[in-house]
Structures are given as C-alpha cells and as structure tokens.
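Structure first, then comments.
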Amino acid sequence: MDLSCRNNGYFVVVVMIVVGLIGTCVNGDNDGDSVGAPMVKTEQEALYSAIQGFVGNWWNGSDLFPDPCGWTPIQGVSCDLFDGFWYVTELNIGQTYDNSLPCAPNLEFRPQFFQLQHLKSLTFSNCIISPNQATVSIQTANWSSFSTTLESLEFRANPGLSGQVPTAFGSLKKLQSLVFIDNRLSGSLPVNIGNLTSLKRLVMSGNMFTGKIPDNYGCLSGLLIMDLSRNLLSGNVPLTFGGLTSILKVDLSKNQLEGEIPSEISSLKSLTLLDLSNNNISGGLNFSNQEMTSLEELVLSNNPINGDLVNFNWQHVYNLMALDLSNTGLTGVIPESVSNLKNLRFLGLNDNKLSGSLSPKLGELGNLTALYVHGNNLTGDLKFSRQFYQRMGRRFGAWNNSNLCFPMSKVSASVRPFGVKLCREQQS
C-alpha cells in the first residue's frame, strides 16, 4: 500500500515523562561544578518578560528572583547547563500546584518569550480558565524559533483558550509530544502536523475541531499515542492509518466520523486500544483480516455499524480484554467462538438486535467480570452455573430480553439475575 508519506527513516522510540519541577533547577551534561554558574543576561531578561506576559505586569522577576536558576528558583521553571551557563529548558505555567503562578486574563506571548534559546518543554495547565471573558488565542508569530529545541508542547484544561492551532507548529521538527486537552480550540486540524515525524504522542481531545482527519497523519510512523476524541471531526477514518506502524493507542471516540472501519487497521501489530465509539461508523465488522495480537481493548459502541458477529475473525483478536459493541445495530446470534477470548474481562453486547441463546461457555471465561447482553432478542433458558451468577452479580445484565428465562429448577432463586423472568416450568 502506498501511503504517500514524504518522510521516511528510522526512529528511536523515546518515552518522555514531563514533570513539573517545583522551584528547582537541574544539572545538564556539563561535568564542571554548577555552583555559582552564571545565567546569560539576555536569557534572564527573556525569562522575566515571558513570565510577566503570562501572569501579568504585577510580577517583578528581577526583584523576587535575582538568580532564577540558582538560589532563588522560580516555580515551574527548570534550567540546564550549556557551555557553563544556565538556560531555561522547561516552563510550566498555570495553577498546577497550590503555589503556582496564576495566569493573567490578557495573557500574551511576548517577543522575548521566543528568545529562550534552549526551551524543550512548555506546558499551560488550568491557566486560561475564563471562557466568559475575552478569550485568548495562540499567537502565530515566531514559533519557528523553537524548531530545533522544543520537544514537548502542552495546553491542558484552558477553557478560555480559543481560535485555531497555528500552522507554525508544523515547523517544530523536534516535537515529540503535542497535547491539547479540554480547551476551546476550533477549526480544522493542521495538515502540517503530519510532517512532525519525531512525534510520539498526539493528543487533541476535548476541543471543537471540525473537518476531516488529514491523510498524512497516517505517515507518523513513530507515533505511539493518537487521541483526537471529543471533537466535531467528520469524514472517514483515513486509509493511511495503516502506516502508523508503532502506534499503541488510537482514540477517535465522540466525533462525527462515518464510513467503514478500514481493513488497514488490522496491520497495526502493536495496537492495544482502538476506540471509535460514539460516531457514525457503519459497514459491519469487516476490518480484521490479519492477526492483531496486541489488541486488548476494542470499543465501538454507539455506532450504526450493523451486520453480525458470525463472520468476524475472532481468532485474530484473541488477546482482547475489553470488547464493547453495545448499541451498534448488530443482528444474528452470538457465536460460540467469542468464548475463545480467554483474556476477556468485559463484554458489552447490549442494546442490539441479537437473537438465539447464550452459550454456557461464556460463563467459563475465568477472567470475565462484566457481561452485558440486555436489550436484545435473546431466547431460551440461561445455562450458567451458580458460581457464575455469584461472581458477576449486577455486572451480568440480561434484562429486556422478553424470551429469555432463568431456570430456577437448576439454579437457586437467590442468584436470579435482575429483570429476567422464570422459565415456564417453574411458574405456578
């Protein structure tokens, strides 16, 4: 398959943990004594001005923190040594900790901010918090000055942050983590983010993004996590997603996506989570044409998928631990082959049009802790053991199946599942 990706190469997977350091500076690779190391004056002035732009003119850094990478560290600022001088490498802005600096209502990205020469990580958390006042947008100018340094860029829980994602972010070629969670960003997803081949994590959930997912996002062969959930995205799941060869988790839930699940998805050998729930996905369950040995969670609930369960290749997803196909318009019977999913812990098949009987082999799944089949057209008597009902309790849901019954002659009434009638031979 030709994915038309412009950039190829080998990527080293770097799992990066971004930690907000409270009032401390860290040593770099310099082997010399860092005690009393100076800070370049222009770097220091740029830091003061940048923070003042974020928190307000009331803040006087030069008076409060004359040695910001030494004996008077600034909350949320981390530094590193480069050629014997301190430089800012990490900024955490917002009300992350009890004594964090609050953001100003008229927050601005001052020109001096873009003069920080070695900035690697920038985070805004609970910073731009008032959507009822004048909203703040991300200025587009000068982000390219971080193109060779910035590795992590995050905006978390900023309901006052609106507007579009600057296309200039596409120039941040060292970026490994790009996170926008629970803001009010809108517009389309920038196409040139698909050119950031160093990306390991792309999370843009809980915003107001519209339009299609760019095809070239499937060219991010080093990507580990993609979360575009809780937006207003439309169109199909791109066929190019077969190029996400390193991907572990894909969450596209709670959007307006449509069309079929592309069979290219089944080529993702490292995929552990696929969540497409709460969309308009249709076309049946036809995507599993190869073994997806790593897949542990498959969540497709609340989609008009339709079709049946019989023709799905369950042997290709034998490591599944959670399967949620509730409210997907499924018809036909529940095949006995589902009981071969020995690692299954959660099975949701409720609110469909399934018919036939429940195989007692489902009750033999030793790891199963929740089974929901309510709201179907299932028939016959339940043939599970007393131990099964005791283990499951209310986590076994079988109500609203008018022709399904509980055989009290074989199993005690004390474990009778909620909402299931007694079989006829036990009725007076």
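So which residues in the range 304-327 are in contact with a strand residue (DSSP E or B) (Cβ under 8 Å, 6 or more places away or on another chain) and not β-branched (Val, Ile, Thr), if there are any at all?
Pro304, Asn306, Gly307, Asp308, Leu309, Leu320, Met321, Ala322, Leu323, Asp324, Leu325, Ser326
Considering only the range 86-129, how many residues are of a type in the set (A, V, I, L, M, F, W, C), touching a Cys at 6+ places or on another chain (Cβ under 9 Å) and in a strand (DSSP E or B)?
Final tally of qualifying residues: 4.
Check the range 240-261 and report whether any residue there is modelled with pLDDT under 95, polar (S, T, N, Q) and surrounded by fewer than 19 Cβ atoms within 10 Å (Cβ to Cβ).
Among the residues of the range 240-261, not one is modelled with pLDDT under 95, polar (S, T, N, Q) and surrounded by fewer than 19 Cβ atoms within 10 Å (Cβ to Cβ), which makes the answer no.
What's the number of the only condition in (1) out of contact with any Ser or Thr (no Cβ under 7 Å at 6 or more places or on another chain); (2) under 20 Å from Gly53 (Cα atoms) that Val179 fails to meet?
The number of the failed condition is (2).
Table: residues versus (1) under 21 Å from Leu330 (Cα atoms); (2) of a type in the set (Gly, Ala, Ser).
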{"residue": "Leu368", "(1), (2)": "no, no"}
{"residue": "His374", "(1), (2)": "yes, no"}
{"residue": "Phe384", "(1), (2)": "no, no"}
{"residue": "Gln387", "(1), (2)": "no, no"}
{"residue": "Gly393", "(1), (2)": "no, yes"}
{"residue": "Val411", "(1), (2)": "no, no"}
{"residue": "Phe418", "(1), (2)": "no, no"}
{"residue": "Lys421", "(1), (2)": "no, no"}
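Do any strands (runs of 3 or more DSSP E) lying entirely in the range 281-387 carry at least 3 residues that are of a type outside the set (Val, Ile, Thr) and closer than 16 Å to Ala398 by Cα, and which ones are they?
Per the criteria, 346-348, 353-356, 370-372, 377-381.
From (1) touching a His at 6+ places or on another chain (Cβ under 6 Å); (2) of a type in the set (S, T, N, Q); (3) farther than 21 Å from Asn303 by Cβ, pick out the condition that doesn't hold for Asn350.
Status for Asn350: all satisfied but (3).
Which numbered condition trips up Thr149, out of (1) at pLDDT 95 or above; (2) part of a helix (DSSP H, G or I); (3) surrounded by fewer than 21 Cβ atoms within 10 Å (Cβ to Cβ)?
With respect to (1) at pLDDT 95 or above; (2) part of a helix (DSSP H, G or I); (3) surrounded by fewer than 21 Cβ atoms within 10 Å (Cβ to Cβ), Thr149 is out only on (2).
Select, from Asn352, Asn306, Asn313, Asn327, the only residue that is modelled with pLDDT under 95 and more than 21 Å from Arg391 (Cβ to Cβ).
Unique residue meeting the criteria: Asn313.
Residue check: is Asn401 more than 23 Å from Leu298 (Cβ to Cβ), at pLDDT 95 or above, touching a strand residue (DSSP E or B) at 6+ places or on another chain (Cβ under 9 Å) and part of a loop (DSSP other than H, G, I, E, B)?
Considered against the rule, which asks whether it is more than 23 Å from Leu298 (Cβ to Cβ), at pLDDT 95 or above, touching a strand residue (DSSP E or B) at 6+ places or on another chain (Cβ under 9 Å) and part of a loop (DSSP other than H, G, I, E, B), Asn401 comes out as yes.
If we keep just the residues of the range 164-186 that are among the charged types (D, E, K, R) and in a loop (DSSP other than H, G, I, E, B), which is surrounded by the most Cβ atoms within 10 Å (Cβ to Cβ)?
Result: Lys173.
In the range 191-218, what count of residues is obtained for those that are buried (at least 21 other Cβ atoms within 10 Å of the Cβ) and more than 23 Å from Ser277 (Cβ to Cβ)?
Here the count works out to 5.
The values are calculated or read from the model by the stated rules, or taken from the named source; none is laboratory data. Remember, predicted model here, so these are calculated numbers, not experimental data. Note that each Cβ is placed from the backbone with ideal geometry, even for glycine, and that neighbours are counted across all protein chains shown.
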